[in-house]
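Trainee: Sharing a structure here in structure tokens format.
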Amino acid sequence: MQTNSTIFVAGATGLAGSAIARRLSNSGYRHILAPNRQALDLKNRIVVDRFFKAHAPEYVFLAAARVGGIQANAQFPAEFLQENLSIQCNVIDAAYRHGAKKLLFLGSSCIYPRLAPQPIREESLLTGSLEPTNQWYAIAKIAGLKMCEAYALQYGWNAISLMPTNLYGPGDNFSETQSHVLPALIRRFHEAKRGRAESVTIWGTGAPQREFLHVDDLASAALFLMEAYHSPEPINVGSGMEVTIAELAESIKAVSAYEGEIVYDRAKPDGAPRKLLDSSRLYALGWRPRISLQEGLRETYAWFETHHAHARA
Ligand SMILES: NC(=O)c1ccc[n+]([C@@H]2O[C@H](COP(=O)([O-])OP(=O)(O)OC[C@H]3O[C@@H](n4cnc5c(N)ncnc54)[C@H](OP(=O)(O)O)[C@@H]3O)[C@@H](O)[C@H]2O)c1
């Protein structure tokens, strides 16, 4: 990528897309296309084709998707599958047909089998059954990375697929029903502190282990891999550090200075028992995460404190 290359970031109003657009602009790239959904509905094949015909981006970061936590997946299975499949098919196919040099597709660690050996290597893909609570989204993401692989095989086109672990950071979705565990907890502790609530309730037992990566580290890995990685094989992007949900709750309680109790609602599902990615393929290329979870939580909580009035919630 040159600083005057035409670069399209799909999903630039989202957590990952906004971090990638931010990093591109801070790295001196001057021609970044970042239309929002109102300007370009990626589910609409005709407008997507027209956009690529008009702008012919050389590099594409596909960070647009219908994303959500366990509750949202359970409530909207059809939409999660249909929307993600159509966004991916429209953007990947149009990028190829309109001569893009390279496309980077963002998948997710939920593509891997629920009981894959830990830490999860890329080779575990399609070796066992998926976590049922988010299978619709996972199937769509598997179709996306396979589409990149198929276009690379049939046309010799340069498309790569990143499998990030759980992301967090400024600009996340903090809604009670649609968000992932980390932003949901930030919001819950913040409101409990402001409302002087006696306790905060956490879904499940608190025992599941999770890996988190700050979204600015993800953006740095994405720019690094756009330059350094040319295989259609998926590549994991993780921090290599995992915590239990209970430890995460305690850390967020500390950064929010909440003084009440933490209560566990064991009637609610825990989701997968553990989900740690093996990111040695990426680390072997020379990339390493920079932002520790404690540092990232402090920064994200501070961001939420100042933006919660108009944050996605
Ligand atoms: N968040 C995570 O923990 C995580 C972990 C691993 C991988 N990922 C991957 O990272 C990618 C981005 O996720 P995220 O967390 O950044 O999600 P997000 O914050 O919800 O952002 C999704 C983006 O996609 C856009 N979008 C959705 N449907 C669209 C449509 N029909 N037309 C145009 N734009 C549309 C959204 O626009 P609006 O703002 O208008 O809704 C938003 O900009 C996804 O592929 C996801 O699989 C995320």
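The values are calculated or read from the model by the stated rules, or taken from the named source; none is laboratory data. It should be emphasised that the depicted structure is a prediction, and the values quoted were computed from it without experimental measurement. Virtual Cβ from ideal backbone geometry, glycine too; neighbours counted across all protein chains shown. To get the accessible areas, we keep the full protein, side chains included, count just its heavy atoms, and leave off ligands, DNA and RNA. Shrake-Rupley method; radii C 1.70, N 1.55, O 1.52, S 1.80 Å.
Trainee: Residue 247 versus residue 176, label points 7 Å from Cα toward the beta carbon: distance in nm?
Mentor: Calculated label separation equals 3.0 nm.
Trainee: Would you mind counting up the charge near residue 1? Only other residues with Cβ under 11 Å from its Cβ, with Lys and Arg at +1 and Asp and Glu at -1.
Mentor: In short, 0.
Trainee: Given the Cα-Cα distance of residue 261 and residue 201 and 0.36 nm per residue of separation, how much length would full extension add, in nm?
Mentor: Here the segment from residue 261 to residue 201 would lengthen by 20.7 nm.
Trainee: Starting from 0.36 nm per residue, how many nanometres of slack lie between residue 41 and residue 55 once their C-alpha separation is accounted for?
Mentor: Here the segment from residue 41 to residue 55 would lengthen by 3.5 nm.
Trainee: Using each residue's phi in the stretch 150-161, evaluate 6.51 cos²θ - 1.76 cosθ + 1.60 at θ = phi - 60° and report the 3J(HN,Hα) Karplus result to the nearest Hz, with x for Gly and Pro.
Mentor: Those phi angles translate into 5, 5, 5, 5, 6, 10, x, 7, 8, 10, 10, 10 Hz.
Trainee: As I understand it, the value is the acute angle between the Cα axis of helix 45-55 and the longest principal axis of the Cα atoms of the chain; what does it come to in degrees, rounded to 10?
Mentor: Its long axis makes an angle of about 70 degrees.
Trainee: How far is it, in nm, from the label point at residue 3 to the one at residue 270 when both lie 7 Å from their Cα along the line to the Cβ?
Mentor: 5.2 nm
Trainee: Sticking with this one: For residue 201, list long-range residues whose amide hydrogen, built 1.01 Å from N in the peptide plane, is under 5 Å from its own amide hydrogen.
Mentor: 263
Trainee: Angle between the Cα long axis of helix 215-228 and the longest principal axis of the chain, 0 to 90 degrees, nearest 10?
Mentor: 30 degrees
Trainee: Of all trypsin sites (Lys or Arg not before Pro) in the stretch 199-289, which ones are in loop regions per DSSP and have a Cβ with at most 14 other Cβ atoms within 10 Å? Show your work: numbers first, answer last.
Mentor: Details: sites: 210, 253, 266, 274, 275, 281; in loops: 266.
Answer by residue number: 266.
Trainee: Still on this structure, please answer the following. Which whole-angstrom value gives the distance between the alpha carbon centres of the stretch 151-178 and the stretch 17-42?
Mentor: Cα centroid to Cα centroid, the span is 15 Å.
Trainee: Kirkwood hydrodynamic radius (Cα pairs, Å) of the chain?
Mentor: Numbers: mean 1/r = 0.0502 Å⁻¹.
Averaging 1/r across every pair of different Cα atoms and inverting gives 19.9 Å.
Trainee: Quick check for you: with a 1.4 Å probe and neighbouring chains kept, what is the accessible area per residue of the chain, in Å²? All intermediate terms of the calculation are to be shown ahead of the outcome.
Mentor: Working: 13680 Å² over 313 residues.
Counting only protein heavy atoms, the per-residue value for the chain is 44 Å².
Trainee: Something else now. How much of the accessible area of the chain, probe 1.4 Å, is carbon plus sulfur, in whole percent?
Mentor: Looking at the chain in its full context, I get 52 percent from C and S.
Trainee: Would you be so kind as to identify which of 300, 285, 94 lies farthest towards the positive end of the dipole of the chain, taking Lys and Arg as +1 and Asp and Glu as -1 on Cβ and the Cα centre as origin?
Mentor: 94
Trainee: Sticking with the crude label model, points 7 Å out along Cα→Cβ, report the distance from residue 123 to residue 78 in nm, one decimal please.
Mentor: 4.1 nm
Trainee: Around residue 64, under 13 Å between beta carbons, what's the net of Lys plus Arg minus Asp minus Glu among the other residues?
Mentor: Surrounding charge for residue 64 is +2.
Trainee: Report, for the stretch 6-307, the % of DSSP beta bridges that are antiparallel, rounded to 5.
Mentor: Close to 10 percent.
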